[in-house]
Each structure stands twice: as structure tokens, then as C-alpha cells.
Amino acid sequence: MAAEARRTSVTGFVAINTIQCRPDYCERFECLFCTRAHAIDSAPGFCHMYVLRPSAEGEPYLVVSHWESEDAFRAWVGSPAFHAGHSRAFADLQAAKERGEEPPMSSQFRTYSILTR
Ligand code: HEM
């Protein structure tokens, strides 16, 4: 395939959530993802996702999700599937708050369009 064609055949939208976990929460965090709800799998416009574990201890995890469009991503964030896919995570945050503890994780997401690959 010519370079030009390869460039134009890659389309989509990527949302990356960067999650910093408290050291004592990392095992639980990985366990949540290894048994995740998969509610996202039937979200319209969802392509695939990766959960990346940092090589260096103490660095954040990355949740990389690939979508057909930004609209598809925004629709998922506003849907019941988002809440179904996060119910245990949000319950852990709420429980820590009620106990007056530091949050076990904090997250920040950024969005990207795909330029090439
Ligand atoms: C307060 C913010 C967030 C936190 C603390 C958080 C943390 C987590 C955790 C721990 C899980 C494992 C599932 C479980 O709850 O059992 C999860 C699922 C997931 N998160 Fe987040 N997340 C947040 C927001 C986001 C955002 C904004 C995105 C997208 C950029 C995202 C992408 C995903 C995806 C794709 C899954 C898998 C859902 C499924 O299997 O249906 N998360 N998240």
C-alpha cells in the first residue's frame, strides 16, 4: 500500500485516561480491569481499548480507547454503559471518601485524533 493511502486509511478518535493509583491500590485496580464489565464492547462506534501498565513503578496506568468518532466517545461517556463499566471503581472512590481517606486513584483524560500510524 502506498504511504499516502496508508495515511488516509487510518481514521478515528482516541481518548486516553491516565490513572495514578495509590501503591496499595494497584493490585485491586488491576483486578478490576482483569474482570472488567465489558459494557463498552457494544457501545456504538467503539473500536478497541488497551490498558497499559507502567514499566516504572509509581507511574500512572493508561487506558487507551479507540473510537470511530468523537461523537461516539461522548455518547458512551453519557450512557448507562459508562456507569456499568465503572460501578466498582466509583464505589471504591465513594467508600474511601466516606472513610475520610485519600482517593485510591485519580484520573485525567485527554483526547486525540489519529494523524497516522
Ligand atoms: C473518575 C474517573 C475515572 C476513573 C477513576 C476510572 C477508573 C476505572 C477503573 C478502575 C475501571 C475498571 C472497571 C471497574 O470499575 O470495575 C475502569 C473501566 C474503564 N475505563 Fe475508566 N475511569 C474513569 C474515567 C474514564 C474515562 C474518562 C475514560 C475514557 C477516556 C475511561 C475509560 C475506561 C474504559 C474504556 C473502561 C472499561 C469499561 C468496560 O469494560 O465497559 N475511564 N475505569
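Just so you know, all these numbers are worked out from the coordinates, no wet-lab data involved. Everything numeric in this text was worked out from a predicted model, so none of it was measured. Cβ placement follows ideal geometry from the backbone for every residue including glycine, while neighbour counts extend to all protein chains displayed.
Relative contact order of the range 18-62: 54 percent, from C-alpha pairs under 8 Å at least 6 residues apart in sequence. Phi-derived couplings, Karplus 6.51 cos²θ - 1.76 cosθ + 1.60 at θ = phi - 60°, listed residue by residue for the range 92-107: 5, 5, 5, 5, 4, 4, 5, 7, x, 9, 4, x, x, 8, 9, 9 Hz, with x used for Gly and Pro.
Packing, as the average of other Cβ atoms within 10 Å across residues, places the peptides 67-76, 23-32 in the order 67-76, 23-32, highest first.
Across the chain, the relative contact order, built from alpha-carbon pairs under 8 Å that are at least six residues apart, equals 43 percent. The peptide list 33-39, 45-51, put in order of mean Cβ contacts within 10 Å with the highest first, becomes 45-51, 33-39. Helical runs (DSSP H, four residues minimum) scored at -39500 (n - 2.57) apiece and divided by the length of the chain put the mean residue ellipticity at 222 nm at -11000 deg cm²/dmol. In order along the range 42-52, the phi-based Karplus estimate (6.51 cos²θ - 1.76 cosθ + 1.60, θ = phi - 60°) of 3J(HN,Hα) comes to 9, 5, x, x, 7, 9, 6, 9, 10, 10, 9 Hz; Gly and Pro are listed as x.
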